[in-house]
Amino acid sequence: MPRQQSDQVKSAKAPVGRPPSMPAPRATILDAAAKLFAAHGFEGASLNDVARAVGVTKAAVYHYFPTKKDIFDEMMIDLLERQYAAVSTEVNAAATPPDRLKAFMRAQAEFLEGNHAAFVVMLHGFGGIEKNHWTEQQLALRDRYEALLRTLLADGKASGAFAIDDVATAARAILSLMNWMVRWFRPEGKTRAVDFALQYYALVVSGLQPRS
């Protein structure tokens, strides 16, 4: 699902500099920064680079984001919130545990393809931003998303649909499989991310089915 051009996520810091005269400035800046951070790494792209990509002055970027870390923080919160909304909607609409797992994997793949640059930044493209620099809010949003998968796997185990020894281990394996796509998947390629996800689902669900 492509990014919606909205400015719903607001920075906690007071704006400085001159506000840019363009629609949805925060979303526009975040989109430009995601592409730059994904291509050059967090340390390899400057606020000047972001301003040039957007077509505004550096002071205009400062009005919303005083530092690159502020851009990264809002980018991750925005991405994680939209990912949960998109994926949980599909999961909750499915009836059985296998269907819910398929919905989870399909929806994550579709969301990854529609937000590829930001996913690259989140999973491996931010260079100097280490895990211990993530905010409590970002970690809570990540944990909520992982809990969505663990819950549907636990439901499948309880119903007998899945033969799982440890739900947390199974969830980590599935997330690792899905998240690794960002390292090799290219949106401009011939095969869509959801097609790869369905192949992964077939492999995963065959391994989770109870043995007779």
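The values are calculated or read from the model by the stated rules, or taken from the named source; none is laboratory data. It should be emphasised that the depicted structure is a prediction, and the values quoted were computed from it without experimental measurement. For neighbour counting, all protein chains shown are included, and Cβ atoms are generated from backbone atoms with ideal geometry for every residue, glycine included.
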(request) Tell me, yes or no, whether the range 54-70 has at least one residue that is in contact (Cβ under 8 Å) with a residue 60 or more places away in the chain, in a helix (DSSP H, G or I) and either at negative phi or surrounded by fewer than 20 Cβ atoms within 10 Å (Cβ to Cβ) (or both). (result) yes
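Only one residue in Asp78, Asp31, Asp49 is over 30 Å from Arg144 (Cβ atoms), at pLDDT 90 or above and among the acidic types (Asp, Glu). Which one? Steps first, please.
Working: Asp78 fails: over 30 Å from Arg144 (Cβ atoms); Asp31 fails: over 30 Å from Arg144 (Cβ atoms).
Answer to the check: Asp49.
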(request) Name every residue in the range 164-174 that is surrounded by 13 or more Cβ atoms within 10 Å (Cβ to Cβ) and not in a helix (DSSP H, G or I), in order of residue number. (result) Ile164
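Give the number of residues within the range 24-53 that are basic (Lys, Arg) and crowded, with 17+ Cβ neighbours inside 10 Å.
In the first step, residues of the range 24-53 are kept if they are basic (Lys, Arg); the result is 26, 35, 52.
Remaining after also requiring crowded, with 17+ Cβ neighbours inside 10 Å: 26, 35.
Total satisfying the criteria: 2.
Among Asp165, Asp195, which is the only one that is closer than 22 Å to Asp143 by Cα and of a type in the set (Asp, Glu)? Let's see the steps before the verdict.
Working: Asp195 fails: closer than 22 Å to Asp143 by Cα.
Exactly one residue qualifies, and that residue is Asp165.
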(request) Inspect the range 163-178 for any residue being under 20 Å from the mean Cα position of the chain (by Cα), under 19 Å from Ala109 (Cβ atoms) and touching a residue at least 60 places away in the same chain (Cβ under 8 Å) and give the result as yes or no. (result) yes
